[in-house]
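Chemist: Pasting in a structure now, in structure tokens, and then I'll have a few things to ask.
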Amino acid sequence: MTKKKEERTTTYELTKGWKINLCDKVDILDNKDGKVAVILKSKNFGNIEPIVIDLSEDAIRIHSLPHFVDSLSFTLDKKIEIVYSPFIFEQEQQ
């Protein structure tokens with residue numbers, strides 16, 4: 001049985017009251033206008049497309065959602081959650 005490495009996560013405060021909790025394997029870029037990009041640090045699969053979203057006071061608009069994202073969800077209390085496909089980090093855990 002292989003032991004799964006525990007990932008560290010950080011909660012980021014975004015504009016317009018939104019929050020996102022991300023693992024330490026990604027970087028986040030954002031600005032005061034509500035533009036957000038989440039980028040994988042690893043380039044194991046070549047030039048990986050970022051997740052790109054726009055935030056407003058009461059909505060999220062998704063511009064780019066790469067194939068390796070299982071889900072992107074958000075709650076009424078303005079929390080965003082991204083779930084990646086398991087294969088995306090498997091190489092780094094070995």
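Chemist: My understanding is that a pair violates if its Cα-Cα distance is over 25 Å; which of LYS32/LYS78; LYS43/LYS78; LYS25/LYS78 do that in this structure?
Modeler: Long pairs (Cα-Cα over 25 Å): LYS43/LYS78.
Chemist: Just the number, please: carbon plus sulfur as a percent of the accessible area of the range 34-80, 1.4 Å probe, no ligands or DNA/RNA counted.
Modeler: Answer for the range 34-80: carbon and sulfur cover 54 percent of the accessible area.
Chemist: State the extension gain, in nm to one decimal, for the chain segment bounded by ASP24 and HIS63, taking 0.36 nm per residue of separation less the distance between their alpha-carbons.
Modeler: Going from the current span to full extension adds 11.7 nm.
Chemist: Rounded to the nearest whole Å³, what is the per residue volume of the convex hull around the Cα atoms of the range 36-79?
Modeler: About 77 Å³ per residue, rounded to a whole number.
Chemist: Suppose R0 equals 22 Å. What FRET efficiency, 1/(1 + (r/R0)^6) with r the Cβ-Cβ distance, do VAL83 and ASP33 give to the nearest 0.05?
Modeler: Efficiency for this residue pair is about 0.25.
The values are calculated or read from the model by the stated rules, or taken from the named source; none is laboratory data. Everything quoted here is computed from the prediction, not taken from an experiment. Using ideal geometry, Cβ is built from the backbone for each residue, glycine included, and neighbour counts are taken over all protein chains shown. The protein model used for the area step is the full one, side chains on, heavy atoms only, and it has no ligands, DNA or RNA in it. Shrake-Rupley method; radii C 1.70, N 1.55, O 1.52, S 1.80 Å.
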